[in-house]
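Trainee: For reference, the structure I am asking about is given below.
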Amino acid sequence: MRQITISGNIGNDVQVNSTQSGNKVANFNVAVRQNRPDNNGEYGTDWFRCSVWGTRASTVEKFYKKGSHVVVTGSLSINEYNGKTQLQIDVSDFDLPDNRNANNTNSTKRNVNNSFNNGGQSIDISDDDLPF
């Protein structure tokens, strides 16, 4: 089995369907930027079709939106249809997007009280400050 973890942006809103047995499946596409530029200096994009099954499909439907940055892990299959290659991931694990708490005031409080938050300013640390 091919196991893969990808990090990218969702290209469309999640589509949730139910099978005849009542099982839910959430489908969405993730765009992943390629690591190296081509001969013209352009970075390509690889598209992965992702499927999440069962009760976790409802979680994905609730938090995943077009444009959300996500990380998913699952088994990879490569399918050929009418001369086109489709990269398919049967998702076994996923992270929720960082913007899921955008309307939650607690997330703002957490950021303000974070002792490591220095307002984007650099912090000077000497070798004597390091424990190793």
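Trainee: Have a look at ASN40, ASN27, ASN35 and point out the one that is out of contact with any Gly (no Cβ under 9 Å at 6 or more places or on another chain) and closer than 19 Å to SER92 by Cα.
Mentor: On the way: ASN40 fails: closer than 19 Å to SER92 by Cα; ASN35 fails: closer than 19 Å to SER92 by Cα.
Every option except ASN27 fails the conditions.
Trainee: Any idea which residue in segment 1-25 is most open to solvent (accessible area, probe 1.4 Å), counting only those that are within 15 Å of THR59 (Cα to Cα) and of a type in the set (D, E, K, R)?
Mentor: ASP13
Trainee: List pairs: first residue in segment 46-66 and within 18 Å of THR5 (Cβ to Cβ), second residue assigned to a strand (DSSP E or B) and open to solvent by 90 Å² or more (accessible area, probe 1.4 Å) anywhere in the structure, Cβ distance under 9 angstrom, at least six positions apart or on different chains.
Mentor: Once the first residue is within 18 Å of THR5 (Cβ to Cβ) and sits in segment 46-66, its partners that are assigned to a strand (DSSP E or B) and open to solvent by 90 Å² or more (accessible area, probe 1.4 Å) give ASP46/ARG33.
The values are calculated or read from the model by the stated rules, or taken from the named source; none is laboratory data. Values in this document were obtained by computation on a predicted structure and should not be read as measured data. Using ideal geometry, Cβ is built from the backbone for each residue, glycine included, and neighbour counts are taken over all protein chains shown. Just so you know, the surface numbers come from the protein's heavy atoms only, side chains and all, with ligands and any DNA or RNA stripped out. Shrake-Rupley method; radii C 1.70, N 1.55, O 1.52, S 1.80 Å.
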